[in-house]
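Have a look at the structure below, then the notes.
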Amino acid sequence: MSAAVIDGKAFAATLRARIADFAATFEQSAGRKAGLAVVLVGEDPASQVYVASKAKQTVECGMASFEHRLPAETGQAELIALVDQLNADPAVDGILVQLPLPAHLDEQAVVERISPDKDVDGLTPISTGRLALGLPGLVPCTPLGSLMLLKDQLGSLSGLNAVVIGRSILVGKPMAQLLLAESCTVTIAHSRTKDLADVVRRADIVVAAVGRPEMVKGDWIKPGATVIDVGINRLPPAEGAAKGRLVGDVDYAEAAQVAGAITPVPGGVGPMTIAVLLRNALVAAHRNAGVALAEGAL
Ligand code: NDP
């Protein structure tokens, strides 16, 4: 058997097209564009690429992009002052502070300062609490994107056994909450989980968010299960190559023989993250401007 490939790149493109339509309607209703501000402190090369890509896609979707690039030596007070300024700016609907921040900055304090109404990364305690309580709010982009792919593939998730490997604030925990809200029976596995392979073998849905290349093997997968591979890991370069291959947390070649459907790396969950960020910014814009948006429209 060979698994269906879940094409996150295509799904993200369709989502961005829908966002562009809704962004245009929003602009007509609100008399302004929806706006997303991205704050980058320092010169981390990967973060620079992400921020440039976010800004480009924001503009392509017909939204306003506000980029704030600050030097690595920026102090806590200065960064907090910028967050306060963006919180108060009516042209800004979403604020994303690119993580990780340089070590001298208090990341948690900066994230907590972001207004929950503009928290497009869904990482403030208020957003996290709203998700746990089942209240409307903004949800972290990568897990929400993963859920969209799952629902597109499976329809109703009700009653399915889901195993999430990883319990980070960014991915594992919100993913588990989202699956629970869909009435899955959810197990959260982590580095202390005993007999992980056996735990994973019970899963109709496996979400791997670990950061360990190809850790989940084919014989861990229940035949027909749906596998969402969040991991992005770069292998050491092969001889003569400048860069190593990107792989997920799942051994794709093995798992694809057993699973019913699986996300590839790259081209699976990765492209969904920025698309959902834009979606979150536009949802926030509707709420902030008091413009109606049908539940589930985006
Ligand atoms: P973290 O490092 O914050 O969390 C990793 C989790 O994996 C932890 O909960 C850890 O357990 C668990 N873990 C580590 N080793 C094992 C093991 N041997 N067995 C079982 N569980 C283990 O990572 P993130 O959640 O931020 O990211 C996970 C992966 O997803 C990374 O590869 C990252 O690059 C990728 N990612 C991809 C995104 C995308 O856009 N596609 C976005 C965000 C992340 P414990 O808590 O016990 O330490």
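Looking at region 206-220 only, could you name the residues that are over 19 Å from residue 185 (Cβ atoms) and either more than 9 Å from the ligand (Cβ to nearest atom) or among the hydrophobic types (A, V, I, L, M, F, W, C) (or both)? Working first, answer last.
Filtering region 206-220 down to residues over 19 Å from residue 185 (Cβ atoms) leaves 210-219.
Answer for region 206-220, where residues must be over 19 Å from residue 185 (Cβ atoms) and either more than 9 Å from the ligand (Cβ to nearest atom) or among the hydrophobic types (A, V, I, L, M, F, W, C) (or both): 210, 214, 215, 216, 217, 218, 219.
If I filter region 172-196 down to residues being within 11 Å of the ligand (Cβ to nearest atom) and among the polar types (S, T, N, Q), which single residue comes out as nearest to the chain's Cα centre (by Cα)?
The selected residue is 191.
Here's the yes/no breakdown for (1) surrounded by fewer than 17 Cβ atoms within 10 Å (Cβ to Cβ); (2) closer than 22 Å to residue 164 by Cα; (3) touching a helix residue (DSSP H, G or I) at 6+ places or on another chain (Cβ under 8 Å):
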| site | (1), (2), (3) |
| --- | --- |
| 102 | yes, no, no |
| 116 | no, no, yes |
| 134 | yes, yes, yes |
| 140 | no, yes, yes |
| 147 | no, yes, yes |
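Scan region 197-205 and give yes if some residue there is over 22 Å from residue 8 (Cα atoms), surrounded by 15 or more Cβ atoms within 10 Å (Cβ to Cβ) and within 11 Å of the ligand (Cβ to nearest atom), otherwise no.
Yes, that holds for at least one residue.
Tell me, which residue of region 253-267 that is within 16 Å of the ligand (Cβ to nearest atom) and farther than 13 Å from residue 4 by Cβ is surrounded by the most Cβ atoms within 10 Å (Cβ to Cβ)?
Looking at residues that are within 16 Å of the ligand (Cβ to nearest atom) and farther than 13 Å from residue 4 by Cβ, I get 265.
Give the number of residues within region 221-243 that are away from the ligand (no atom under 11 Å from the Cβ) and closer than 21 Å to residue 150 by Cβ. Please lay out each step first, then the result.
Step one: list which residues in region 221-243 are away from the ligand (no atom under 11 Å from the Cβ), which gives 221-227, 235-243.
The next check asks that each one be closer than 21 Å to residue 150 by Cβ; those that pass are 221-227.
Looking only at that region, the number is 7.
Pick from region 241-296 the residues that are of a type in the set (Val, Ile, Thr) and part of a loop (DSSP other than H, G, I, E, B): which of them is nearest to the chain's Cα centre (by Cα)?
Looking at residues that are of a type in the set (Val, Ile, Thr) and part of a loop (DSSP other than H, G, I, E, B), I get 269.
Need pairs with beta-carbon distance below 8 Å; first residue free of Cβ contacts under 8 Å to residues at least 60 places away in the same chain and surrounded by 14 or more Cβ atoms within 10 Å (Cβ to Cβ) and within region 63-74, second of a type in the set (A, V, I, L, M) and part of a loop (DSSP other than H, G, I, E, B); sequence gap 6+ or separate chains.
Within 8 Å, the pairs are 64/34; 64/91; 66/91; 66/92; 74/105.
All of the numbers you see were taken from the coordinates with simple rules; none came from a lab. Remember, it's a predicted structure, so these values are computed and weren't measured experimentally. When we count neighbours, we look across all protein chains shown, and the Cβ atoms used for this are built from the backbone with ideal geometry, even at glycine.
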